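Any read-out appearing in this document is the output of simple, stated calculations on the displayed coordinates, not a laboratory observation. Since this is a predicted model, take the numbers as computed values, not measurements.
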Amino acid sequence: MKKNSMYLLLSKKTKQPFIKEGMLYYANKLNPYATLKIVESKNEKAFREHCQSLEKKTITIVLDQRGRQF
């Protein structure tokens with residue numbers, strides 16, 4: 001059975017260790033079903049580049065802390 005690939009794109013680096021632990025926890029929970037790749041961007045420009053580099057047929061859901069639409 002082929003695993004699905006999921007990307008978690010973050011608009012900036014996570015500083016709080018408990019958030020990083022939570023992301024890794026859920027990544028391990030999803031491991032039997034999907035591969036979760038966590039991408040932390042340095043700035044907004046790098047974040048946009050990561051979003052645009054995804055394949056066109058990829059379903060992308062982006063959450064922004066300020067509620068902006070991309």
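Gain in length, Glu21 to Thr35, computed as 0.36 nm per residue apart minus the alpha-carbon separation, to one decimal in nm?
Values: separation 14, 0.36 × 14 = 5.04 nm, distance 1.69 nm.
Extending this stretch completely gives an extra 3.4 nm.
Please list the non-local residues whose amide H lies under 5 Å from the amide H of Lys12, H modeled 1.01 Å from N, same-chain partners needing a gap of 5 or more.
Amide H neighbours of Lys12: Ser41.
Taking amide H positions as placed 1.01 Å from N in the peptide plane, with prolines and chain starts having none, which residues 5 or more places from Ile38, or on another chain, fall under 5 Å of its amide H?
Here Leu8 satisfy the definition.
What full-extension length gain, to one decimal in nm, is calculated for Asn28 and Lys3 as 0.36 nm per residue of separation minus the Cα-Cα distance? Spell out each step's value before the answer.
Working: separation 25, 0.36 × 25 = 9.00 nm, distance 1.35 nm.
Between Asn28 and Lys3, full extension yields an extra 7.7 nm.
Full extension from Glu44 to Leu10: what is 0.36 nm times the residue separation minus their Cα-Cα distance, to one decimal in nm? Can you show the working numbers first?
Working: separation 34, 0.36 × 34 = 12.24 nm, distance 0.97 nm.
Between Glu44 and Leu10, full extension yields an extra 11.3 nm.
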